[in-house]
Amino acid sequence: MVKKRTFLSGDVLVRYAAVLSAVIVSFLFGGTCVGQTAPSKSVEMPWAQYLKKYPGLDVELSQLMTKLQRDVQFRAPRNQSRILPLLPKSTQFYIAVPNYGDASHQALSIFRNELTQSAVLRDWWKNEIAENGPKVEDALDRVYQLSEFLGEEIVISGSTDGPHGPGPVMIAEIKKPGLKNYLQQMSNEFASQLTSLQQSTSAKLNPTIRILEPQELATAKDSGPSQIIVLVRPDFVIAGFNIASLKSFNAELGHGGQGFVSSSLGERLSQSYKGGTTVIGGADLQSILKQIPAGNEQAQMMFQRSGLADVKYLVWEHKSAAGQSLSQAELTFNGPRRGVASWLAAPAPLGGLDFVSPKAIVVTSFSLKNLGEIFDDIQAMSGDANSNMFAAQSQMQQALQLNLKDDLLSQLSGEITIELDSVAAPDPVWKAILRVSDPAHLQRTISKLLDAAQMNERRSQDAGVTYHAVRVPSPRKSISLNYAFVDGYLIVGSSHEAAAEAVRLHATGESLAKSPKFLESMPSHSLSASGIFYEDPIAMMALSMRQASPEMAQLLSQVSSQSGPIVMAGYADERALREVSTNAGVDAGVVLVGAAIAIPNLLRARTAANEASAVSMVRTVVTAEVSYSATYPARGYARTLASLGEDQRGVNATSPEHAGLIYLPVEDAGCWTGKWCARSGFRFAVSTSCKKQKCDEYVVTGTPVTSNDGMRNFCSTSDGVVRFKIGSPLELPVSVAECQTWMPLH
C-alpha cells in the first residue's frame, strides 16, 4: 500500500500562499522596503516579540497549517486540455496550471473559522494586523470570485519570435457570463488604489488595464508600455501586454489542423495529459535557439561541438497517482547525445552514497563518462582557441613526468559524490567520494603533485585504513584536506574526523544509502541512476533562518515535520535526459527553502516601511532647518519641531515661532511642546546648540516607538548627512557629537 503524501506541488503552492500570505506575511506589507543592515543580536525580531506577547501563538499557527494541509480539497488531475488544441503553430512555450480559486477559498474559510475558535490567534490578528489583514482577506475573496468565471485550467503560452508570433499571453476558458463587467469593476478599483498610492508615496506608477471585446480589439491601439490588455470573448478570456500580440494570437486561435498540437512538443504535451497532470510546462528549445544571434565563427563552432545545439524540447510536469506525488522533467535531443550533452552516463549503481551520512544536509551523486574522455571533448571543443593553454599543459607534464589525462583523469571512473554536513563558519564540514580505476596509480600521481608543490602530507593508520592529511596554504586560512582509499573509492574530507566517519558508515551499513526514508523517496527504490540530488529541507531552512528568525524557523519545522527529504533522480539515455521525483519533499522543500529566504525579509517589511518614512522625515527636517536659518538669520537654526511647523491656532502668517515649513500632527501634543513627536512608528525631536539668541548647530533624532516598529535609530546635523545606529529605542535625543559618530546612511 502506498503511503499518502502530505504535500503536492499545487497543494503546497495554495496552502502556503493562503496561510503565509493571509495569516503571517500579509500584514507586514506596510510600505516599500529599503536597504537593511543586519540586526544586532541584542535587538529582538518582531516575531519573537509576538510569541512573548501572545503565548501559544506558534502552536495555534502550526495547528492552522496542519488543518489547511489536511482539509483543503483540490481538483482531480486533468486528462485533457481544451486550450492546447487551439493554440497557434507559432507557440514556443506552454505552461498550464489548474484553477486554484476554490482551494484558496477553502483555505480562507478554514482560517476564518480558526479565528473564531482561537482567542490567541484572534487577538494577534485583531491587534497586530488590523490594518492590512482585512485587505488580504478581501483580495483572496476577489480571487475566488474571479476564479468562478473561469474554467478548470489557466494557460500561459506564446512565442519569443517578436513580430513573427504572439508574445506571452494568458488564456482561460469562460464558464459563466458577466466576466467583463467584473473585470471592469476590479480595474476601476485598482486604478483608484493606484492613484492613492501615488499620492501617498510620490511614486510614478502608471500601469493601465484595458478590458476589450473582439469588436473593440479590431480598432484598438497601444496606449503605452505599462499596460495589460484583457480580451473577453464569449468562450475565452485572453490577457497580453500589447495590442499586436493579442491581435495575432486571437486571429490564429482555434484554426486547428496544423496548429501547435501537431508539433513534436504539442504531441508530447498531449501524451502527458492522457496520463493525468496537475501542472505542466514545455518549451520548444530548438526554435528558440534559432532566434539567438549566432555570434562569431569560433563561438558557433564551439556551440555545435558541445552537442547543446541538438536540444529539441524541454517538458516538466507534476501529477498525483495512487496518493503519491510525481514530478518529472525531460530534455530531449534531435539525435544521439554528444559533446557536453553526452557527459552524463547511463544509469548505474551509485556506490559513493554508501559513504554518506544520513544526517547530511545536501548530497549530490552522479556518474559521468570517464574523465579522460571528457578531457578529450574539452580539447576538441576548444579547437585552436586555447592552443597556448594546452601547450603550457604539455610543458608542465614533461616537467612533472606524468600525463594529466592518463595518470590523473583517466584514473577517475566518473562517479562523484559530494556531501555537505555543515556550513557553519569558520570550518564547514564536507566530504567528496570519487570512484577510482586504479587506487595505487592515482596515489602515486597525487604524491608526485604534492612533491612538485612542496606540500607535506601526514599519514596515520586507523582500523587498517591509511589516512593522508595535507595543509593547503591560503591567504586567509590554510585548508585541511584529508583522504583515504577504501574499496575502490577515494574519500576526501574537510577533516580527519569527516573522512573517518565516511569510512565507518560504509563499514557498518549506517549510511544514507541504507536509510529506508531515503530509499522510499527514490523512484525505483534503488541507487541505480545517472545522478541523484538529496536535500534535507528542514535542515536547510533552519540554517538560513537561525540568525534572522529562529522562532519562525522552529514554527515552520513543526509544520513541515511530515514532509520527507528532497530526492531527485536523473536518468540519461541515448536521446534524452530525464529527472524524476516520486516524493513530495521536492515541492515542499522548494517552498520551505524559499520561505527560509523570504520570510525573514518579510518579517521586517513593516519595520522597513517605518524606517523609510523616518528617513524621509529626518531629511524633511534638515531641508526645513536650512530654509529656517536663511529666513531668520538672527535666529540661526530652529530650536524645536514646533518652530518649523505651522501655527497651531490656524494663523496663516509665519513667524520664527511657527515658520510653516513642515506639517506636524495637531493631535500629538509632543510635537508642539518640544518633546517627542510621533509619526509612522517613530518619534522625532530637534535639539540645538545656541549662543544667546542664535543657534549655530542642531541635531534631529528619529527613534522607533518600540523595537517592533524599527531596528535602527536615525539622526542628522547641519552637515545634512543622515546617519543611523542599530539598537533599542532611545529615551533621549542624541547630541551633535554622538550623532556624528554614527554610520552614514547610503
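The values are calculated or read from the model by the stated rules, or taken from the named source; none is laboratory data. All values reported here derive from a predicted model rather than from experimental measurement. Quick reminder, even Gly has a Cβ in these numbers, built from the backbone with ideal geometry, and neighbours come from all protein chains shown.
Tabulated results
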{"read-out": "Residue ID - surrounded by the fewest Cβ atoms within 10 Å (Cβ to Cβ), chosen from residues in the stretch 501-532 that are of a type in the set (Gly, Ala, Ser) and over 36 Å from the mean Cα position of the chain (by Cα)", "value": "GLY509"}
{"read-out": "Of all residues making up the stretch 721-746, the number that are among the aromatic types (Phe, Trp, Tyr) and modelled with pLDDT under 90", "value": "0"}
{"read-out": "Some residue of the stretch 637-648 being free of Cβ contacts under 8 Å to residues at least 24 places away in the same chain, surrounded by fewer than 18 Cβ atoms within 10 Å (Cβ to Cβ) and part of a loop (DSSP other than H, G, I, E, B)", "value": "yes"}
{"read-out": "Residue match in the stretch 54-73 (condition: modelled with pLDDT of 80 or more and at positive phi)", "value": "yes"}
{"read-out": "Which numbered condition PRO426 misses (of (1) assigned to a helix (DSSP H, G or I); (2) modelled with pLDDT under 90)", "value": "(1)"}
{"read-out": "GLY266 being under 20 Å from ALA329 (Cβ atoms), in contact with a helix residue (DSSP H, G or I) (Cβ under 6 Å, 6 or more places away or on another chain) and either of a type in the set (Val, Ile, Thr) or at pLDDT 90 or above (or both)", "value": "yes"}
{"read-out": "Any pair with Cβ under 9 angstrom, 6 or more apart, that starts in the stretch 673-698 at a residue that is part of a loop (DSSP other than H, G, I, E, B) and ends at one that is acidic (Asp, Glu)", "value": "TRP676/ASP668; SER680/ASP709; GLY681/GLU611; GLY681/ASP709"}
{"read-out": "Counted residues, the stretch 449-461 - those being in a strand (DSSP E or B) and either free of Cβ contacts under 8 Å to residues at least 12 places away in the same chain or more than 23 Å from LEU505 (Cβ to Cβ) (or both)", "value": "4"}
{"read-out": "The stretch 651-707: number of residues that are over 24 Å from CYS739 (Cα atoms) and buried (at least 17 other Cβ atoms within 10 Å of the Cβ)", "value": "2"}
{"read-out": "Scope the stretch 608-636; condition among the hydrophobic types (A, V, I, L, M, F, W, C) and not in a helix (DSSP H, G or I); matching residues", "value": "ALA634"}
{"read-out": "The stretch 614-636, subset of a type in the set (D, E, K, R) and surrounded by fewer than 21 Cβ atoms within 10 Å (Cβ to Cβ), residue farthest from GLN693 (Cα to Cα)", "value": "ARG619"}
{"read-out": "Within the stretch 278-314, tally of residues that are out of contact with any Pro (no Cβ under 6 Å at 6 or more places or on another chain) and within 18 Å of ILE83 (Cα to Cα)", "value": "6"}
{"read-out": "Residue within the stretch 215-232 that is part of a helix (DSSP H, G or I), surrounded by fewer than 18 Cβ atoms within 10 Å (Cβ to Cβ) and modelled with pLDDT of 85 or more present", "value": "yes"}
{"read-out": "Residues within the stretch 307-327 that are assigned to a strand (DSSP E or B) and either of a type in the set (Val, Ile, Thr) or at pLDDT below 90 (or both), tallied", "value": "10"}
{"read-out": "Residue among LEU115, LEU84, LEU108, LEU121 that is at pLDDT below 90 and over 29 Å from the mean Cα position of the chain (by Cα)", "value": "LEU115"}
{"read-out": "Filtered residues of the stretch 699-733 (kept if part of a strand (DSSP E or B) and among the hydroxyl-bearing types (Ser, Thr, Tyr))", "value": "THR701, THR703, SER716, THR717"}
{"read-out": "Residue list for the stretch 244-262, filter: surrounded by fewer than 19 Cβ atoms within 10 Å (Cβ to Cβ) and of a type outside the set (D, E, K, R)", "value": "ALA244, ALA251, GLY254, HIS255, GLY256, GLY257, GLN258, SER262"}
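For every residue, the table says whether it meets (1) modelled with pLDDT of 90 or more; (2) under 26 Å from ALA612 (Cβ atoms); (3) acidic (Asp, Glu).
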position: GLU625; (1), (2), (3): yes, yes, yes
position: SER629; (1), (2), (3): yes, no, no
position: GLN648; (1), (2), (3): no, no, no
position: LEU664; (1), (2), (3): no, yes, no
position: GLY681; (1), (2), (3): no, yes, no
position: PHE684; (1), (2), (3): yes, yes, no
position: LYS692; (1), (2), (3): no, no, no
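To keep it simple, each residue is scored yes or no on (1) under 34 Å from the mean Cα position of the chain (by Cα); (2) of a type outside the set (Asp, Glu).
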{"position": "LEU449", "(1), (2)": "no, yes"}
{"position": "GLU457", "(1), (2)": "no, no"}
{"position": "VAL472", "(1), (2)": "no, yes"}
{"position": "TYR483", "(1), (2)": "no, yes"}
{"position": "ALA499", "(1), (2)": "yes, yes"}
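Yes/no per residue for (1) crowded, with 16+ Cβ neighbours inside 10 Å; (2) closer than 27 Å to ILE566 by Cβ; (3) out of contact with any helix residue (DSSP H, G or I) (no Cβ under 6 Å at 6 or more places or on another chain); (4) among the aromatic types (Phe, Trp, Tyr):
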position: VAL356; (1), (2), (3), (4): yes, yes, no, no
position: GLN379; (1), (2), (3), (4): no, no, yes, no
position: ALA392; (1), (2), (3), (4): no, no, yes, no
position: LEU400; (1), (2), (3), (4): no, no, no, no
position: LYS405; (1), (2), (3), (4): yes, no, no, no
position: ARG444; (1), (2), (3), (4): no, no, yes, no
position: MET455; (1), (2), (3), (4): no, no, yes, no
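Quick grid of which residues meet (1) crowded, with 19+ Cβ neighbours inside 10 Å; (2) part of a strand (DSSP E or B):
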{"site": "ARG75", "(1), (2)": "no, no"}
{"site": "PRO88", "(1), (2)": "yes, no"}
{"site": "THR91", "(1), (2)": "yes, no"}
{"site": "ILE95", "(1), (2)": "no, yes"}
{"site": "PHE111", "(1), (2)": "yes, no"}
{"site": "THR116", "(1), (2)": "no, no"}
{"site": "ASN127", "(1), (2)": "no, no"}
